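A quick write-up on the structure given underneath.
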Amino acid sequence: MEASRKLDVKLRGKRFQISQDEVPQLLKNTGPSVPYTRRGKTPNYFVVVDGEKIPIKQALKTIIDKKGLDLTILDVTTKDAVGLFRRLGFPIVVERGQRGSKAAIMKHVGVFNFPGSSVDDKRRLYDTT
């Protein structure tokens, strides 16, 4: 794709134009401002812009805001973001989360140690004899 060519984009009925040259300027100092969560083994998608990995929906939301569109992050999908950045020629990185996996949970075994048992607690609370 030519670097100066503008791409016409339509998201949820809102139209805007963007070029590959604009993206680094629009995403300057974006980075992961909010720590992103990794729920279970759900993959996380990132776009690489000027050697920096940016969560893909966060990058699209930044562009949407700077273009003045009235859309929230919930209005767009990861598929929308991946499609746009692929059409613009940016690399997409997919990473799998680790939190929630059995190995991650098992490292917390034995952290909490409370005396007694749930059976004894129930008996104390509900037995009126």
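The values are calculated or read from the model by the stated rules, or taken from the named source; none is laboratory data. These numbers were taken from a predicted model, which means no experiment stands behind them. Reconstructed Cβ throughout: ideal geometry from the backbone, glycine too, with neighbour counts over all protein chains shown.
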- Message: Name the single residue that is nearest to F90 (Cα to Cα) among those in region 1-29 being at pLDDT below 70 and not aliphatic (A, V, I, L, M).
- Response: E2
- Task: Note down all Cβ pairs under 7 Å where the first residue falls in region 33-57 and is more than 24 Å from L11 (Cα to Cα), the second is part of a strand (DSSP E or B) and at pLDDT below 90, and they're at least six residues apart or on different chains.
- Result: R38/N44; K41/R96
- Message: Looking at the structure I just gave you, is R96 within 19 Å of R15 (Cβ to Cβ) and charged (D, E, K, R)?
- Response: no
- Item | Qualifying positions in region 57-77 - under 12 Å from the mean Cα position of the chain (by Cα) and under 22 Å from D21 (Cα atoms) | K57, Q58, A59, L60, K61
- Matching residues, region 72-89, being free of Cβ contacts under 8 Å to residues at least 24 places away in the same chain and hydrophobic (A, V, I, L, M, F, W, C): I73, L74
